[in-house]
1. Just to be sure before I move on: is Thr147 part of a helix (DSSP H, G or I) and within 21 Å of Ile54 (Cβ to Cβ) in the structure I sent?
2. If Met167 meets every condition in (1) in contact (Cβ under 8 Å) with a residue 12 or more places away in the chain; (2) assigned to a helix (DSSP H, G or I); (3) more than 20 Å from Phe23 (Cβ to Cβ) apart from one, which number is that one?
3. Please enumerate the residues belonging to segment 34-50 that are on the phi < 0 side of the Ramachandran plot and either touching a Cys at 6+ places or on another chain (Cβ under 9 Å) or exposed (fewer than 14 other Cβ atoms within 10 Å of the Cβ) (or both).
4. Looking only at segment 132-153, decide whether some residue is under 16 Å from the mean Cα position of the chain (by Cα), basic (Lys, Arg), surrounded by 10 or more Cβ atoms within 10 Å (Cβ to Cβ) and under 21 Å from Thr57 (Cα atoms).
5. How many of the residues in segment 51-65 are open to solvent by less than 50 Å² (accessible area, probe 1.4 Å) and either acidic (Asp, Glu) or within 15 Å of Ile90 (Cβ to Cβ) (or both)?
6. Among the residues of segment 75-131, which ones are of a type in the set (Val, Ile, Thr), more than 16 Å from Ser24 (Cα to Cα) and open to solvent by 20 Å² or more (accessible area, probe 1.4 Å)?
7. Could you tell me which of the residues Val72, Val22 is in contact with a helix residue (DSSP H, G or I) (Cβ under 9 Å, 6 or more places away or on another chain), within 17 Å of Met143 (Cα to Cα), β-branched (Val, Ile, Thr) and open to solvent by less than 50 Å² (accessible area, probe 1.4 Å)?
Amino acid sequence: MKTLETAVIEEPGLAFIRDLFVFSCYTGFAFADVIKFTRSDFETDDLGTIWCRIYRTKSDILAPVPLLPQTVQLVTRYRRDARTQKRETIFPPITNQQVNRGLKTLRDECGIDTPVTFHVARHTFAKTVALRNGVPLETMQMMLGHTKISTTQLYAEVDEEKILRDMSVLQEKSSARAGLQIPG
């Protein structure tokens, strides 16, 4: 994700494809949802947080997602694009096939070994952005628009890094209750 996010891409079409992919990496939205976003799908709450609230195309489940700074920048950039003005969408029109072809080109240009499709961005959001940063499965389920938690669990691979992080929190709480000092 970081390799693509930080790559300098001269060709505007490929830069746009990269931006769509990065947007999904930070929000978990599927291509079918991202490409249909309109201005009315976004709102700012009383605390200044910008939310994207849509009913997912696939499940018709409300998926409220607060936007991180990286995604706010992308929405701001593309909603001003002349290609979106007539359609009133946030992002210019493009097909999923065009995006996946472009991602293959970007993967090759950036020297990425693993396959990259738009759907990989949802997995990246779930595994890397959300789960590794402590977002609970129930919250991920809602943001991903899943009807069942078991679907969300497929995205949530627990690795040794997560186990260690979770147990460190438990160890700190346990030691604090016992009045013990953790060495180190």
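The values are calculated or read from the model by the stated rules, or taken from the named source; none is laboratory data. All figures in this text were calculated on a predicted structure; none of them were measured in a lab. Cβ coordinates were reconstructed from backbone atoms using ideal geometry, including for glycine residues, and neighbour counts include every protein chain displayed. For the accessible areas, the whole protein counts, side chains as well, though only heavy atoms, and no ligand, DNA or RNA atoms are used. Shrake-Rupley method; radii C 1.70, N 1.55, O 1.52, S 1.80 Å.
1. no
2. (1)
3. Within segment 34-50, Phe37, Thr38, Arg39, Ser40, Asp41, Phe42, Glu43, Thr44, Asp45, Asp46, Leu47, Thr49 meet the criteria.
4. no
5. 3
6. Residues satisfying the conditions are Thr105, Ile112, Thr114.
7. The match here is Val22.
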